[in-house]
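*Asks:* Can you keep this structure in mind? I'll have questions shortly.
The values are calculated or read from the model by the stated rules, or taken from the named source; none is laboratory data. Here the structure is a predicted model, which is why all the values come from computation and not from measurement. Neighbour counts run over all protein chains shown; Cβ positions are idealised from the backbone, glycine included. Just the protein is used for accessible areas: all its heavy atoms, side chains included, with ligands, DNA and RNA removed. Shrake-Rupley method; radii C 1.70, N 1.55, O 1.52, S 1.80 Å.
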Amino acid sequence: MKKIYLCIAALYLGIATSHAQTKPETVKDTSNYETRKLQLDEINIISAYYHQDGNNSAVTGGIGTEKLTDFANTIDLHMFKYGNGNTKHSFLFELGVDHYTSASSDKIDPNTISSASMQDTRIYPSLNWTVSNEKTGRAFGLTASYSHEYDYQSFGGGVNYTWLSKNKNTQFDFKGMAFLDTWKVILPVELRPPGYGSGSERDERNGGGSVDYRPRNSFSTALSISQVINTRLQALLIVEPSYQHGLLATKYQRDYFTDGSERAENLPDDRYKLPIGIRFNYFLDDHFIIRTFYRYYMDSWGIRAHTAELEVPIKLTSFVSVSPYYRYNNQVGTRYFAPYGQHDPNAAFYTSDYDLSTLNSSFIGANIRLAPPKGVFGWQHFSALEIRAGHYTRSTGLTSNIVTLAMKFK
């Protein structure tokens, strides 16, 4: 499920970045009581449907169906109030609910039909508070989050800081996050020790054996600097180092060896990641924007990747725009990967998860945005409607499609 959530999150961020928060045109008197009331600024509702298919399931050692569907829904509320002077307090509450069905996950234990093996629901609320000075452009914020799925739960926290130069042409952003996760260690049915449970709710209720729980902690930072180079060109540089420690292997994924033996996936308990990206936005004229992005990725498991992306928003009318986009990725896989039945029996670490293999991938799609001055369908508060669709293919044979609908209410 990791790649599913990442894909949906990436599309969500692509839509959300166009939802710039709009402050009131004038604040006549910041000492007035009315301006200090908490006010609702906007509501965003985002729904995405994802479907994938392939024949390299990590659950069955790199072979077998990868068919999966995911339906994700997110609603976020933007609220604000003004404090003393030029300070503005912004609050963002977000609630996400994903539901997926997976054909390959049912192979963990074909004899046990449970939410852990065939389908599950993930719930993830979060809250961010940011205080900003509208005169200087500087801001500081705190974030808290929670995520729960049948086999894990996660508590998250973070800080964010923004600095803006006096001429408003240079902006520096820092974000730090920590996620403290606990995983239920579910094993393939044939690899369970005597008395070890399946991990299903039904078996636990009926005294079918307990399972182990292991931690996984993630710490990440994002440092970016954006610069207005001239009236047409803007640039952004971003560095996002991160570190993970704990159970990083997915223990219900099987690996098969050249001597015919079988084991549960095993990977190092530590992982360092370092993505570095650069983005250029060029405003060609009143109707065309050229957005380019490049990212280089490396980690301590030996993965190296290059990603290039091009998006060209086209303004058809004053309130209708179309944005075709294309992303290409080239990845050198981890040294721990081997296909089905090709692992060395003497290896300490091993995986047959094709997400970690050497591969090439392409993602192509388009986004349509409607933002009529009188509101979508004539409803003034329905300020914007976006539909985004994309098709993903990669050299391992995996294909997927995603459709995202975003609605903005002011």
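*Asks:* Looking only at region 97-115, filter to residues that are surrounded by 16 or more Cβ atoms within 10 Å (Cβ to Cβ) and in a loop (DSSP other than H, G, I, E, B); which one of those is modelled with the lowest pLDDT? Give the derivation first.
*Replies:* The first filter runs over region 97-115 and keeps only residues surrounded by 16 or more Cβ atoms within 10 Å (Cβ to Cβ), leaving 98, 100, 102-109, 112, 114.
From what's left, in a loop (DSSP other than H, G, I, E, B): 103-104, 109, 112, 114.
Values: A103: 75, S104: 74, D109: 78, T112: 59, S114: 45.
Step by step, filter region 97-115, then rank; the result is S114.
Every residue, every condition in (1) touching a residue at least 40 places away in the same chain (Cβ under 8 Å); (2) out of contact with any Asp or Glu (no Cβ under 6 Å at 6 or more places or on another chain); (3) among the small types (G, A, S), yes or no:
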position: T130; (1), (2), (3): yes, yes, no
position: A144; (1), (2), (3): no, yes, yes
position: Y150; (1), (2), (3): yes, no, no
position: G158; (1), (2), (3): no, yes, yes
position: S165; (1), (2), (3): no, yes, yes
position: Q171; (1), (2), (3): yes, yes, no
position: F174; (1), (2), (3): yes, yes, no
position: M177; (1), (2), (3): yes, yes, no
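*Asks:* Here is a follow-up. Before we move on, is E94 modelled with pLDDT under 90 and either over 19 Å from Y50 (Cβ atoms) or buried (at least 18 other Cβ atoms within 10 Å of the Cβ) (or both)?
*Replies:* Values: modelled with pLDDT under 90: no; either over 19 Å from Y50 (Cβ atoms) or buried (at least 18 other Cβ atoms within 10 Å of the Cβ) (or both): yes.
No.
*Asks:* Further, regarding this structure: Under the condition of being free of Cβ contacts under 8 Å to residues at least 40 places away in the same chain and assigned to a strand (DSSP E or B), which residue from region 342-363 is nearest to T60 (Cα to Cα)?
*Replies:* Selected residue: L359.
*Asks:* Any idea which of (1) of a type outside the set (D, E, K, R); (2) within 21 Å of the chain's Cα centre (by Cα); (3) assigned to a loop (DSSP other than H, G, I, E, B) is the one A48 doesn't satisfy?
*Replies:* (3)
*Asks:* OK, next. Would you confirm whether any residue within region 66-86 is in contact with an Asp or Glu (Cβ under 9 Å, 6 or more places away or on another chain), part of a loop (DSSP other than H, G, I, E, B), at pLDDT below 85 and farther than 22 Å from W183 by Cβ?
*Replies:* Yes: one or more hits.
Table: residues versus (1) within 19 Å of Q244 (Cβ to Cβ); (2) open to solvent by less than 30 Å² (accessible area, probe 1.4 Å); (3) among the β-branched types (V, I, T); (4) out of contact with any helix residue (DSSP H, G or I) (no Cβ under 7 Å at 6 or more places or on another chain).
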{"residue": "V131", "(1), (2), (3), (4)": "no, no, yes, yes"}
{"residue": "A144", "(1), (2), (3), (4)": "no, no, no, yes"}
{"residue": "Q153", "(1), (2), (3), (4)": "yes, no, no, yes"}
{"residue": "G156", "(1), (2), (3), (4)": "yes, yes, no, yes"}
{"residue": "N167", "(1), (2), (3), (4)": "no, no, no, yes"}
{"residue": "L187", "(1), (2), (3), (4)": "no, yes, no, yes"}
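*Asks:* Does I46 count as modelled with pLDDT of 95 or more and among the hydrophobic types (A, V, I, L, M, F, W, C)? Working first, answer last.
*Replies:* Details: modelled with pLDDT of 95 or more: yes; among the hydrophobic types (A, V, I, L, M, F, W, C): yes.
So I46 passes the test.
Yes or no, residue by residue, for (1) free of Cβ contacts under 8 Å to residues at least 60 places away in the same chain; (2) not hydroxyl-bearing (S, T, Y):
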| residue | (1), (2) |
| --- | --- |
| D53 | no, yes |
| T65 | yes, no |
| L68 | no, yes |
| K81 | yes, yes |
| G85 | yes, yes |
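*Asks:* Additional query: Quick check on my filter: what residues within region 312-346 are open to solvent by less than 30 Å² (accessible area, probe 1.4 Å) and within 26 Å of K273 (Cβ to Cβ)?
*Replies:* Passing the criteria: Y325, N329, Q331, G333, T334, A338, H343.
*Asks:* Would you mind finding the one in D259, D285 that is free of Cβ contacts under 8 Å to residues at least 24 places away in the same chain and part of a loop (DSSP other than H, G, I, E, B)? Spell out the reasoning first.
*Replies:* On the way: D259 fails: free of Cβ contacts under 8 Å to residues at least 24 places away in the same chain.
Step by step, each of D259, D285 is checked, and only D285 is free of Cβ contacts under 8 Å to residues at least 24 places away in the same chain and part of a loop (DSSP other than H, G, I, E, B).
*Asks:* So in region 384-410, with the set limited to residues that are touching a Gly at 6+ places or on another chain (Cβ under 6 Å) and under 24 Å from N44 (Cβ atoms), which one is surrounded by the fewest Cβ atoms within 10 Å (Cβ to Cβ)? Before the answer, list the steps.
*Replies:* Step one: of region 384-410, the residues touching a Gly at 6+ places or on another chain (Cβ under 6 Å) are 389-390, 397-398, 402.
With the extra rule that they be under 24 Å from N44 (Cβ atoms), the set shrinks to 389-390, 402.
On the way: A389: 16, G390: 22, I402: 23.
Checked region 384-410; the qualifying residue surrounded by the fewest Cβ atoms within 10 Å (Cβ to Cβ) is A389.
*Asks:* Residue under question is A308, and the condition is that it be free of Cβ contacts under 8 Å to residues at least 24 places away in the same chain and either basic (K, R) or more than 25 Å from P373 (Cα to Cα) (or both); does it hold? Before the answer, list the steps.
*Replies:* Details: free of Cβ contacts under 8 Å to residues at least 24 places away in the same chain: yes; either basic (K, R) or more than 25 Å from P373 (Cα to Cα) (or both): yes.
The answer is yes for A308.
*Asks:* Are any residues in region 263-300 open to solvent by less than 50 Å² (accessible area, probe 1.4 Å) and within 30 Å of V189 (Cβ to Cβ), and if so, which ones?
*Replies:* Passing the criteria: A264, E265, N266, L267, P268, R271.
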